[in-house]
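Worksheet: the structure to be examined is printed underneath.
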């Protein structure tokens with residue numbers, strides 16, 4: 001991987017998004033349905049309003065199931081910009097165990113998702129994700 005590559009070069013361009021009014025119960029169900037899900041992106045009018053991690057759900061069992069998932073979400077440490085060099089960010093992600101970071105513009109519009117592979121050596125691609133989805137449905 002080229003050290004000069006940016007987040008914009010490595011990000012997924014069409015991440016799965018969820019409505020800003022997603023409930024805690026719905027977030028729990030999404031995480032329970034797939035071990036590959038690590039971060040739910042809560043969006044209103046293309047603006048990222050929260051990012052719910054599997055950890056958020058697991059560490060707040062007392063959260064009201066009907067409450068908005070945004071109440072347990074965070075954006076701190078979960079967003080980056082397209083022009084950030086991806087090499088140092090990959091190293092940081094691998095070191096902390098964080099494998100998903102939302103990519104936003106200056107107004108918090110969601111523009112992509114940086115998705116570190118389980119091997120921690122590179123990033124998921126749009127083509128790879130599409131192929132994985134095709135293989136699951138067929």
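Read the figures in this text as sums done on the coordinates, not as results from a lab. Computed from a prediction, not measured in an experiment: that's the story for all the values here. Glycine also receives a Cβ, built like all others from the backbone with ideal geometry; neighbour counts cover every protein chain displayed.
Using the average count of surrounding beta-carbon atoms within 10 Å as a protection proxy, the listed peptides 42-55, 121-134 rank, highest first, as 42-55, 121-134.
Annotation: extensible slack from residue 44 through residue 25 equals 4.9 nm (criterion: 0.36 nm per residue apart, minus Cα-Cα distance).
Distance between the 7 Å Cα→Cβ label points at residue 62 and residue 82: 4.3 nm.
The mean of 1/r over all pairs of different alpha-carbon atoms in the chain, once inverted, gives a Kirkwood hydrodynamic radius of 15.4 Å.
Annotation: the residues 101, 72, sorted from fewest to most other C-beta atoms within 10 Å of their own C-beta, follow the order 72, 101.
Between the Cα long axis of helix 86-96 and the first principal axis of the chain there is an angle of about 50°, rounded to the nearest 10.
Tell me the angle of helix 24-33 to the major Cα principal axis of the chain, expressed in degrees between 0 and 90 and rounded to the nearest ten. Taking Cα atoms only, the helix is inclined about 50 degrees.
Specify the angular offset, from 0 to 90 degrees and rounded to the nearest 10, of the alpha carbon long axis of helix 126-137 from the longest principal axis of the alpha carbons in the chain. Between helix and principal axis, roughly 50 degrees.
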